Amino acid sequence: MTTPAPSPPDFSLNAANGIIHLYRGEVGRMTSYRVRLDTTTNWAVITTAGLLGYAFSPQGPDEIMIAAMLMNVFFLHVEARRFRLFEISHLRVRVLEKFFYPSVLGDSIDQSWRSYMIRELDKPHIPLDHLQAVGWRLRRNYLWLYASLLIAWLAKLDISRPANSVFSAAQVVDVARIGLLPGWAALLLVLAFYAALIILALRARSYPLEMD
(Lines give C-alpha, C1' and ligand atoms only; values in the text may rest on other atoms or scores of the structure.)
Protein backbone atom coordinates (compact mmCIF):
# COMPACT_ATOMS: atom_id res chain seq x y z
CA MET A 1 0.00 0.00 0.00
CA THR A 2 1.44 3.32 -1.06
CA THR A 3 1.30 6.43 1.07
CA PRO A 4 -1.03 9.00 -0.49
CA ALA A 5 0.62 12.19 -1.66
CA PRO A 6 -0.06 15.24 0.48
CA SER A 7 -2.95 17.29 -0.80
CA PRO A 8 -2.22 20.79 -2.03
CA PRO A 9 -3.24 23.68 0.22
CA ASP A 10 -6.67 25.20 -0.19
CA PHE A 11 -6.03 28.17 -2.47
CA SER A 12 -9.09 29.87 -3.85
CA LEU A 13 -9.04 30.57 -7.57
CA ASN A 14 -8.79 34.31 -6.95
CA ALA A 15 -5.95 33.88 -4.46
CA ALA A 16 -3.99 31.59 -6.78
CA ASN A 17 -4.47 33.93 -9.74
CA GLY A 18 -3.45 36.89 -7.61
CA ILE A 19 -0.22 35.19 -6.50
CA ILE A 20 0.55 34.13 -10.07
CA HIS A 21 0.10 37.72 -11.28
CA LEU A 22 2.30 38.89 -8.40
CA TYR A 23 4.99 36.45 -9.50
CA ARG A 24 4.81 37.65 -13.09
CA GLY A 25 4.97 41.27 -11.96
CA GLU A 26 8.01 40.69 -9.77
CA VAL A 27 9.81 38.80 -12.55
CA GLY A 28 9.06 41.76 -14.82
CA ARG A 29 10.49 44.16 -12.27
CA MET A 30 13.60 42.00 -11.94
CA THR A 31 14.07 42.10 -15.71
CA SER A 32 13.64 45.88 -15.75
CA TYR A 33 16.18 46.40 -12.98
CA ARG A 34 18.54 43.92 -14.65
CA VAL A 35 18.51 46.14 -17.74
CA ARG A 36 19.10 49.24 -15.60
CA LEU A 37 22.04 47.55 -13.89
CA ASP A 38 23.59 46.70 -17.24
CA THR A 39 23.00 50.27 -18.44
CA THR A 40 24.90 51.70 -15.47
CA THR A 41 27.79 49.34 -16.09
CA ASN A 42 27.86 50.39 -19.74
CA TRP A 43 28.01 54.06 -18.68
CA ALA A 44 31.01 53.27 -16.48
CA VAL A 45 32.82 51.36 -19.24
CA ILE A 46 32.20 54.02 -21.90
CA THR A 47 33.20 56.87 -19.58
CA THR A 48 36.35 55.04 -18.51
CA ALA A 49 37.30 54.28 -22.11
CA GLY A 50 36.84 57.92 -23.08
CA LEU A 51 38.92 59.21 -20.19
CA LEU A 52 41.66 56.66 -20.87
CA GLY A 53 41.77 57.70 -24.50
CA TYR A 54 42.22 61.32 -23.48
CA ALA A 55 44.76 60.47 -20.76
CA PHE A 56 47.07 58.74 -23.23
CA SER A 57 46.87 61.55 -25.76
CA PRO A 58 49.92 63.88 -25.95
CA GLN A 59 48.17 66.59 -23.93
CA GLY A 60 46.47 64.22 -21.47
CA PRO A 61 47.46 64.77 -17.80
CA ASP A 62 48.06 61.92 -15.36
CA GLU A 63 45.30 63.24 -13.11
CA ILE A 64 42.68 62.03 -15.60
CA MET A 65 43.20 58.50 -14.26
CA ILE A 66 42.33 59.64 -10.75
CA ALA A 67 39.27 61.43 -12.14
CA ALA A 68 38.20 58.17 -13.82
CA MET A 69 38.56 56.28 -10.53
CA LEU A 70 36.39 58.84 -8.74
CA MET A 71 33.85 58.92 -11.58
CA ASN A 72 33.40 55.17 -11.27
CA VAL A 73 32.66 55.60 -7.56
CA PHE A 74 29.56 57.55 -8.63
CA PHE A 75 28.47 54.85 -11.10
CA LEU A 76 29.18 52.16 -8.50
CA HIS A 77 26.91 53.78 -5.93
CA VAL A 78 24.14 54.29 -8.49
CA GLU A 79 24.40 50.64 -9.49
CA ALA A 80 24.43 49.50 -5.86
CA ARG A 81 21.19 51.39 -5.23
CA ARG A 82 19.55 49.77 -8.24
CA PHE A 83 20.85 46.37 -7.16
CA ARG A 84 19.19 46.76 -3.75
CA LEU A 85 15.86 47.48 -5.45
CA PHE A 86 16.43 44.48 -7.72
CA GLU A 87 16.94 42.30 -4.66
CA ILE A 88 13.49 43.22 -3.26
CA SER A 89 11.82 41.54 -6.23
CA HIS A 90 14.46 38.79 -6.29
CA LEU A 91 13.61 37.81 -2.73
CA ARG A 92 9.86 37.72 -3.42
CA VAL A 93 10.36 35.61 -6.52
CA ARG A 94 12.50 33.14 -4.57
CA VAL A 95 9.87 32.87 -1.81
CA LEU A 96 7.16 32.08 -4.35
CA GLU A 97 9.37 29.61 -6.22
CA LYS A 98 10.42 27.86 -3.04
CA PHE A 99 7.06 27.73 -1.25
CA PHE A 100 4.04 28.64 -3.40
CA TYR A 101 4.63 26.50 -6.48
CA PRO A 102 5.83 23.39 -4.59
CA SER A 103 2.77 23.77 -2.36
CA VAL A 104 0.44 23.96 -5.36
CA LEU A 105 2.12 20.90 -6.86
CA GLY A 106 1.37 18.89 -3.74
CA ASP A 107 4.52 19.14 -1.65
CA SER A 108 4.21 19.51 2.12
CA ILE A 109 5.29 23.08 2.78
CA ASP A 110 5.35 25.16 5.94
CA GLN A 111 2.55 27.63 5.27
CA SER A 112 4.12 30.35 7.41
CA TRP A 113 5.53 31.76 4.17
CA ARG A 114 2.12 33.34 3.58
CA SER A 115 2.40 35.58 6.63
CA TYR A 116 5.98 36.38 5.66
CA MET A 117 4.85 37.46 2.18
CA ILE A 118 2.05 39.58 3.65
CA ARG A 119 4.56 41.41 5.86
CA GLU A 120 6.93 41.79 2.93
CA LEU A 121 4.22 43.33 0.75
CA ASP A 122 3.10 45.62 3.57
CA LYS A 123 6.58 46.85 4.47
CA PRO A 124 9.17 45.80 1.88
CA HIS A 125 12.65 45.32 3.27
CA ILE A 126 15.87 45.31 1.31
CA PRO A 127 17.83 42.12 2.11
CA LEU A 128 21.24 43.81 2.00
CA ASP A 129 22.67 47.16 3.05
CA HIS A 130 24.27 49.66 0.71
CA LEU A 131 27.86 48.63 1.40
CA GLN A 132 27.01 44.98 0.76
CA ALA A 133 25.43 45.99 -2.54
CA VAL A 134 28.55 47.98 -3.41
CA GLY A 135 30.64 44.90 -2.66
CA TRP A 136 28.55 42.66 -4.88
CA ARG A 137 28.70 45.07 -7.82
CA LEU A 138 32.46 45.31 -7.31
CA ARG A 139 32.76 41.53 -7.46
CA ARG A 140 30.56 41.27 -10.54
CA ASN A 141 31.76 44.19 -12.66
CA TYR A 142 33.84 46.93 -11.16
CA LEU A 143 36.97 45.23 -9.80
CA TRP A 144 38.22 44.42 -13.28
CA LEU A 145 37.41 47.99 -14.34
CA TYR A 146 39.37 49.41 -11.41
CA ALA A 147 42.21 46.97 -12.08
CA SER A 148 42.40 48.25 -15.66
CA LEU A 149 42.49 51.83 -14.40
CA LEU A 150 45.29 51.04 -11.95
CA ILE A 151 47.40 49.38 -14.63
CA ALA A 152 46.74 52.27 -17.01
CA TRP A 153 47.65 54.83 -14.33
CA LEU A 154 50.95 53.10 -13.56
CA ALA A 155 51.70 52.89 -17.29
CA LYS A 156 50.92 56.58 -17.66
CA LEU A 157 53.27 57.41 -14.78
CA ASP A 158 56.00 55.40 -16.47
CA ILE A 159 55.44 57.22 -19.77
CA SER A 160 55.56 60.57 -17.97
CA ARG A 161 59.11 59.97 -16.68
CA PRO A 162 61.92 61.89 -18.37
CA ALA A 163 62.91 60.31 -21.67
CA ASN A 164 65.93 57.98 -21.71
CA SER A 165 66.14 58.05 -17.91
CA VAL A 166 66.91 55.01 -15.80
CA PHE A 167 63.84 53.70 -14.02
CA SER A 168 63.71 54.52 -10.32
CA ALA A 169 61.04 54.56 -7.65
CA ALA A 170 61.88 58.17 -6.85
CA GLN A 171 60.97 59.21 -10.39
CA VAL A 172 57.64 57.39 -10.21
CA VAL A 173 56.85 59.09 -6.90
CA ASP A 174 57.78 62.45 -8.38
CA VAL A 175 55.55 62.15 -11.46
CA ALA A 176 52.65 60.81 -9.32
CA ARG A 177 52.12 64.19 -7.66
CA ILE A 178 48.71 65.78 -8.15
CA GLY A 179 48.88 69.55 -7.99
CA LEU A 180 50.17 70.47 -4.54
CA LEU A 181 49.70 66.89 -3.31
CA PRO A 182 53.11 65.15 -3.21
CA GLY A 183 53.55 61.94 -5.15
CA TRP A 184 54.03 59.73 -2.10
CA ALA A 185 50.72 60.97 -0.67
CA ALA A 186 48.93 60.34 -3.97
CA LEU A 187 50.29 56.80 -4.12
CA LEU A 188 49.25 56.11 -0.53
CA LEU A 189 45.74 57.46 -1.15
CA VAL A 190 45.32 55.29 -4.24
CA LEU A 191 46.64 52.27 -2.32
CA ALA A 192 44.20 52.90 0.54
CA PHE A 193 41.35 53.38 -1.95
CA TYR A 194 42.04 50.04 -3.63
CA ALA A 195 42.41 48.30 -0.28
CA ALA A 196 38.94 49.59 0.67
CA LEU A 197 37.51 48.27 -2.60
CA ILE A 198 38.97 44.82 -1.98
CA ILE A 199 37.64 44.75 1.58
CA LEU A 200 34.14 45.67 0.38
CA ALA A 201 34.28 42.97 -2.29
CA LEU A 202 35.37 40.32 0.22
CA ARG A 203 32.71 41.44 2.71
CA ALA A 204 30.02 40.80 0.11
CA ARG A 205 30.55 37.05 0.52
CA SER A 206 28.92 37.11 3.97
CA TYR A 207 25.27 36.93 2.86
CA PRO A 208 23.40 34.72 0.37
CA LEU A 209 21.92 36.26 -2.76
CA GLU A 210 19.08 33.77 -2.72
CA MET A 211 16.76 32.80 0.12
CA ASP A 212 17.65 29.11 0.35
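The values are calculated or read from the model by the stated rules, or taken from the named source; none is laboratory data. Just so it is clear, the structure is predicted and the values come from calculations on it, not from any experiment. Don't worry about glycine lacking a Cβ; one is built from the backbone with ideal geometry, like all the others, and counts go over all protein chains shown.
Kindly check whether there is at least one residue in the stretch 72-94 that is assigned to a helix (DSSP H, G or I), farther than 23 Å from I199 by Cα, in contact (Cβ under 8 Å) with a residue 12 or more places away in the chain and of a type in the set (D, E).
no
Test of understanding: among L121, L96, L105, L143, which residue is within 27 Å of V73 (Cβ to Cβ) and not small (G, A, S)?
L143
Within the stretch 60-82, track down each residue that is among the hydrophobic types (A, V, I, L, M, F, W, C) and either within 23 Å of I126 (Cβ to Cβ) or touching a Pro at 6+ places or on another chain (Cβ under 7 Å) (or both).
V73, F74, F75, L76, V78, A80
Return the pairs, sorted by first residue and then second, in which the second residue is at pLDDT below 85 and surrounded by 15 or more Cβ atoms within 10 Å (Cβ to Cβ), the first residue lies in the stretch 107-135 and is under 21 Å from L202 (Cβ atoms), the beta carbons are less than 9 Å apart, and the residues are 6+ apart or on different chains.
Note: pairs meeting the criteria are P127/M211; L128/A204; L131/A204; Q132/A204; A133/A204; V134/A204; G135/A204.
Check L85 against each of (1) surrounded by fewer than 15 Cβ atoms within 10 Å (Cβ to Cβ); (2) closer than 30 Å to L121 by Cα; (3) not small (G, A, S) and name the one condition it does not meet.
Going through the list (1) surrounded by fewer than 15 Cβ atoms within 10 Å (Cβ to Cβ); (2) closer than 30 Å to L121 by Cα; (3) not small (G, A, S), L85 breaks only (1).
Out of everything in the stretch 45-82 that is surrounded by fewer than 20 Cβ atoms within 10 Å (Cβ to Cβ) and hydroxyl-bearing (S, T, Y), what residue ends up being farthest from I159 (Cα to Cα)?
Result: T47.
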